[in-house]
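Peer 1: Let me give you the structure first, and then I'll get to my questions.
The values are calculated or read from the model by the stated rules, or taken from the named source; none is laboratory data. Quick caveat, the model's predicted, so the values are computed rather than measured. Glycine also receives a Cβ, built like all others from the backbone with ideal geometry; neighbour counts cover every protein chain displayed. Accessible surface is based on the protein model in full, side chains and every heavy atom, while ligands, DNA and RNA are left aside. Shrake-Rupley method; radii C 1.70, N 1.55, O 1.52, S 1.80 Å.
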Amino acid sequence: MSLTFDRRVVLVTGAGGGLGKEYALAFAERGASVVVNDLGADSKGGGKSSAAADKVVDEIKAKGGKAVANYDSVEDGEKLVQAALDAFGRIDIVVNNAGILRDRSFIRTSDLDWDLIHRVHLRGSFLVTRAAWNHMKKQKFGRIIMTASAAGIYGNFGQANYSAAKLGLLGLSNTLAIEGRKYNIHCNTIAPVAGSRLTETVMPPDLVAALKPEYVAPMVLWLCHEQCQENGGLFEVGAGWIGKLRWERTQGGITRQRNQPMTPEAVRDQWDKVCDFTDATKPTSVQESLQSIVSVLSKVESGQDVDAGPTSAPAASSTSGINPTAAVGQKLPPTTFSFSHTQCILYALGVGMSTKDPDHLRFLYEGHPDFGCLPTFGVIPSQAAMMDGGLSSLPGLKIDLTQVLHGEQYLELYKSLPTSGQLTSEATIADILDKGSGAVILLEVNTYSGDELLCFNQFSVFVVGAGGFGGKRTSEKAKPLVPPPQRAPDVVLVDSTTNDQAALYRLSGDWNPLHIDPSFAAMGGFQAPILHGLCSFGFAARHVLKQFAGNDPGRFKAIKVRFVKPVMPGQSLQTEMWKEGSRVHIQCKVKETGAVVLSGAYVDLHETAETSQCLPQAEGDLQSELVFAEIGRRIQDSGGELVKKVNAVFGWEITKDGKNVAEWTIDLKNGSGALHRGAYGGKTDVTFTASDEDFMEVVQGKLNPQKAFFSGKLKIRGNVMLGQKLEVILKDHARL
């Protein structure tokens, strides 16, 4: 099927002759309405005439096509685009072709020589494209061509001004390709080789005659057609030949060590590596370009060996070196981790603990009688296996470490972590999955204290662009994610991160500059450094520990999460929790945006002697159950308002015949409030004990709470003064 441009409006600059004329004729022949722009100047930018543009328009109309002439300079970009709107009502395609030459050796180049070239080529293309941009954006379609040159790509004697402008057009085009992508605006760059008034000064006459413009125009038409999805490309084209160019980069060499100055001698000693194109990489974006050195910087900052540059392969290649047969079962060299109570405290601060909360002191003060280590600190000794670049050194895993994303995390403790000592971690490739767009590597790490196994980690890492090797998509070894129950969460806790949260957390050993350096964050597409995923992981885990385990690290068994979206330091983390038996399902969001950051997650807790024993069963129905059910509904409807009024956690123990038969907790302190039945793992501010009958007397207003207290019918433990807020909780709740 032939390519047509019916209903498309095309603006071609410099269309009075040469390549521009050929473009205009070719577009018109295939149904486009064409604006033929040409100032009518000579090859050096002097003079002005309407004859050239008029002649091309007449030729198009003579063949039955639609065209109008425009004689404005490309520096009047708005006028060119307005001509298209006035004549045809829209603008779809812009071909920036206008150009002049003022060739001089560099030392003879005047300010005027430099400025005129840049005004016509670079500034002119900018102004015309900018005038068309919003129109293309609104209609969700646009195609833009920038015209570079071999002189811009490779340099050419006597064309310093021209070369600089032409390579500047490539940079402009690449950025427009990125910004326009979501609006279906594509921008590509061509470096044409064709006979024209600009090339006749630098090519032999017979070669100029052989390199006809009609051998370039079809390439431009294809790039501008709606079927073509090419975007951000650079092409050399001429004589019927087309070639696409890309950048290539050596593996490079490291010329500094941590806390050591970088010297010219170190550069000299690594120069062969710096210039060795063996196994060269081919970055395709700023992100790939700069992220390629992130792993090296991390290793430099952590004092690890950095003898070689980052191993890399094309990001989107399906032949990236993934060979599950060779890789699965491979073990990484063991790593050791020595630490004291300082690292435990630093980690606790890194995941948001504060002396403002007295319950946190046991994790922040080494002199506390119950001083302990947060359970999720268990990821810290094991993370070196994933961060030190060892993955890419294993057989069957030739991967680009800059394309590795942390997808999921599972941690299981076999005993409480010590607060100091030396731990050894042993990592194994458990399995590799083919997800098409990438590969998933399951890295399992066992961490020991001497011969005693302390904890187990499973890192699920996604390698972008490494899929397509024909492997399996699922694995029985992968620790599964579990969706939360289909009901409102039992508890919601909100915790604010500080602007320095990432800067603080990184001191626990994750030195990735993405979390501290604004320039690296920008290269990764972020407005500012982002919070570590494992920091959010730590926040969520301690929320569960506080709410359901009384901050007892011995109750913690395991945690599994999927990392979904990043968090910016300073945002608030909202952890939603559903308790079902010994498992607490969790989902973590950014409160300000509602974006889910941890999903499919849960924490498994060890049962205590108290929670494992069932309460005695009541003989017959308890009247109080109906009241608590109504309280629960009221909390769902207006819990946030009640939290503001009450700001406390109330426990209720209901007795019958002198025995405890039911326990309830009314949490009007955290999140939007919640009602819990059964043993409560968190801390209550005040606990009331009453018989089922006496409780109903109080609720129905038949028994004054103060009289009940003094008569012994209502017992109170904790903050007695909070008893005054009972009316707020129980008022109008006895609508049975």
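Peer 1: Just one of Leu642, Leu545 is at pLDDT 90 or above and outside any loop (DSSP other than H, G, I, E, B); which is it?
Peer 2: On inspection, the qualifying residue turns out to be Leu545.
Peer 1: Could you list all residues from region 156-179 that are open to solvent by less than 30 Å² (accessible area, probe 1.4 Å) and not in a helix (DSSP H, G or I)?
Peer 2: Gly158, Gln159
Peer 1: Answer with yes or no whether Gly64 is in contact (Cβ under 8 Å) with a residue 24 or more places away in the chain and of a type outside the set (A, V, I, L, M).
Peer 2: In short, no.
Peer 1: Name every residue in region 342-374 that is in a loop (DSSP other than H, G, I, E, B) and among the acidic types (Asp, Glu), in order of residue number.
Peer 2: Selection gives Asp357, Glu366, Asp370.
Peer 1: Starting from region 81-107, keep only residues that are open to solvent by less than 10 Å² (accessible area, probe 1.4 Å), then list their pairs with residues that are of a type in the set (Phe, Trp, Tyr) and part of a helix (DSSP H, G or I) whose Cβ atoms are within a distance under 8 Å, requiring at least 6 positions of separation or different chains.
Peer 2: Here the result reads Ile93/Phe27; Val95/Tyr23, each pair linking region 81-107 to a residue that is of a type in the set (Phe, Trp, Tyr) and part of a helix (DSSP H, G or I).
Peer 1: Those residues that are part of a loop (DSSP other than H, G, I, E, B) and over 18 Å from Gln623 (Cα atoms), I need them from region 697-714; list them, please.
Peer 2: Asn704, Ser711, Gly712 - these are the residues of region 697-714 that are part of a loop (DSSP other than H, G, I, E, B) and over 18 Å from Gln623 (Cα atoms).
Peer 1: Here are some residues: Ile399, Ile380. Which one is touching a Gly at 6+ places or on another chain (Cβ under 7 Å) and either open to solvent by 30 Å² or more (accessible area, probe 1.4 Å) or at pLDDT 90 or above (or both)?
Peer 2: Unique residue meeting the criteria: Ile380.
Peer 1: Shifting gears a bit: Can you tell which of Ser318, Ser312 is at pLDDT below 90, in a loop (DSSP other than H, G, I, E, B), surrounded by fewer than 18 Cβ atoms within 10 Å (Cβ to Cβ) and of a type outside the set (A, V, I, L, M, F, W, C)?
Peer 2: When all the criteria are applied, what remains is Ser318.
So that you can scan it fast, the table gives a plain yes or no per residue for (1) in contact with a His (Cβ under 8 Å, 6 or more places away or on another chain); (2) of a type in the set (A, V, I, L, M); (3) part of a strand (DSSP E or B):
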{"site": "Gln458", "(1), (2), (3)": "no, no, yes"}
{"site": "Gly468", "(1), (2), (3)": "no, no, no"}
{"site": "Pro484", "(1), (2), (3)": "yes, no, no"}
{"site": "Asp510", "(1), (2), (3)": "yes, no, no"}
{"site": "Phe526", "(1), (2), (3)": "no, no, no"}
{"site": "Ile530", "(1), (2), (3)": "yes, yes, no"}
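Peer 1: So, in region 83-101, exactly how many residues are under 19 Å from Lys48 (Cβ atoms) and either hydroxyl-bearing (Ser, Thr, Tyr) or touching a strand residue (DSSP E or B) at 6+ places or on another chain (Cβ under 9 Å) (or both)?
Peer 2: 5
Peer 1: Okay, next question. Inside region 454-493, can you point out the residues that are open to solvent by 60 Å² or more (accessible area, probe 1.4 Å) and more than 17 Å from Phe563 (Cα to Cα)?
Peer 2: Gly470, Lys472, Arg473, Thr474, Glu476, Lys477, Gln486, Arg487
Peer 1: Can you tell me which condition Arg119 does not meet? The list is (1) under 20 Å from Gly152 (Cβ atoms); (2) surrounded by 24 or more Cβ atoms within 10 Å (Cβ to Cβ), and all the others hold.
Peer 2: (2)
Peer 1: When residues of region 625-641 are filtered for being in contact (Cβ under 8 Å) with a residue 24 or more places away in the chain and either open to solvent by 40 Å² or more (accessible area, probe 1.4 Å) or in contact with a Ser or Thr (Cβ under 9 Å, 6 or more places away or on another chain) (or both), how many remain?
Peer 2: Residues flagged as in contact (Cβ under 8 Å) with a residue 24 or more places away in the chain and either open to solvent by 40 Å² or more (accessible area, probe 1.4 Å) or in contact with a Ser or Thr (Cβ under 9 Å, 6 or more places away or on another chain) (or both) within region 625-641 amount to 7.
Peer 1: Restricting attention to region 140-167, which residues are farther than 13 Å from Val193 by Cβ and hydrophobic (A, V, I, L, M, F, W, C)?
Peer 2: Phe141, Ile144, Ile145, Met146, Phe157, Ala160, Ala164, Ala165, Leu167 - these are the residues of region 140-167 that are farther than 13 Å from Val193 by Cβ and hydrophobic (A, V, I, L, M, F, W, C).
Peer 1: Name every residue in region 681-718 that is among the aliphatic types (A, V, I, L, M) and free of Cβ contacts under 8 Å to residues at least 12 places away in the same chain, in order of residue number.
Peer 2: Answer for region 681-718, where residues must be among the aliphatic types (A, V, I, L, M) and free of Cβ contacts under 8 Å to residues at least 12 places away in the same chain: just Leu703.
Peer 1: Moving to a separate point now. Hey, can you tell me all the residues within region 1-33 that are surrounded by 24 or more Cβ atoms within 10 Å (Cβ to Cβ) and part of a loop (DSSP other than H, G, I, E, B)?
Peer 2: Thr13, Gly14, Ala15, Gly16, Ala32
Peer 1: Identify the single condition in (1) in a helix (DSSP H, G or I); (2) surrounded by 24 or more Cβ atoms within 10 Å (Cβ to Cβ) that Met146 does not satisfy, given that it satisfies every other one.
Peer 2: The single condition Met146 does not satisfy is (1).
Peer 1: List the number of the failed condition for Ala51; all other conditions in (1) free of Cβ contacts under 8 Å to residues at least 40 places away in the same chain; (2) on the phi > 0 side of the Ramachandran plot hold.
Peer 2: Only one criterion in (1) free of Cβ contacts under 8 Å to residues at least 40 places away in the same chain; (2) on the phi > 0 side of the Ramachandran plot is unmet by Ala51, namely (2).
Peer 1: Looking only at region 41-64, which residues are at pLDDT below 95 and either open to solvent by less than 20 Å² (accessible area, probe 1.4 Å) or in contact with a Leu (Cβ under 7 Å, 6 or more places away or on another chain) (or both)?
Peer 2: Once the filter is applied, which keeps residues that are at pLDDT below 95 and either open to solvent by less than 20 Å² (accessible area, probe 1.4 Å) or in contact with a Leu (Cβ under 7 Å, 6 or more places away or on another chain) (or both), region 41-64 yields Ala41, Ser43, Lys44, Gly45, Lys48.
Peer 1: Being in a strand (DSSP E or B) and not β-branched (Val, Ile, Thr): is that true of Ala67 here?
Peer 2: Against the criterion (in a strand (DSSP E or B) and not β-branched (Val, Ile, Thr)), Ala67 qualifies.
Peer 1: Please find, within region 433-455, the residue that is nearest to Val597 (Cα to Cα) out of those that are aliphatic (A, V, I, L, M) and over 23 Å from the mean Cα position of the chain (by Cα).
Peer 2: Step by step, filter region 433-455, then rank; the result is Val445.
Peer 1: Have a look at Ala87, Ala151 and point out the one that is closer than 20 Å to Asp38 by Cβ and aliphatic (A, V, I, L, M).
Peer 2: Ala87
Peer 1: Also, I was wondering about something else. Looking only at region 552-573, count how many residues are open to solvent by less than 10 Å² (accessible area, probe 1.4 Å) and either in contact with a His (Cβ under 6 Å, 6 or more places away or on another chain) or part of a loop (DSSP other than H, G, I, E, B) (or both).
Peer 2: So the count comes out to 1.
Peer 1: Working only within region 699-722, note down all residues that are of a type in the set (A, V, I, L, M, F, W, C) and either at pLDDT below 80 or more than 14 Å from Glu653 (Cα to Cα) (or both).
Peer 2: Those that are of a type in the set (A, V, I, L, M, F, W, C) and either at pLDDT below 80 or more than 14 Å from Glu653 (Cα to Cα) (or both): Val699, Leu703, Ala708, Phe709, Phe710, Val720, Met721, Leu722.
Peer 1: Hey, any hits in region 583-602 for a residue that's of a type in the set (S, T, N, Q), closer than 30 Å to Gly718 by Cα and either modelled with pLDDT under 95 or under 44 Å from the mean Cα position of the chain (by Cα) (or both)?
Peer 2: no
Peer 1: Which one of these does Arg90 not meet: (1) in contact with a His (Cβ under 9 Å, 6 or more places away or on another chain); (2) assigned to a loop (DSSP other than H, G, I, E, B); (3) closer than 23 Å to Leu170 by Cα?
Peer 2: (3)
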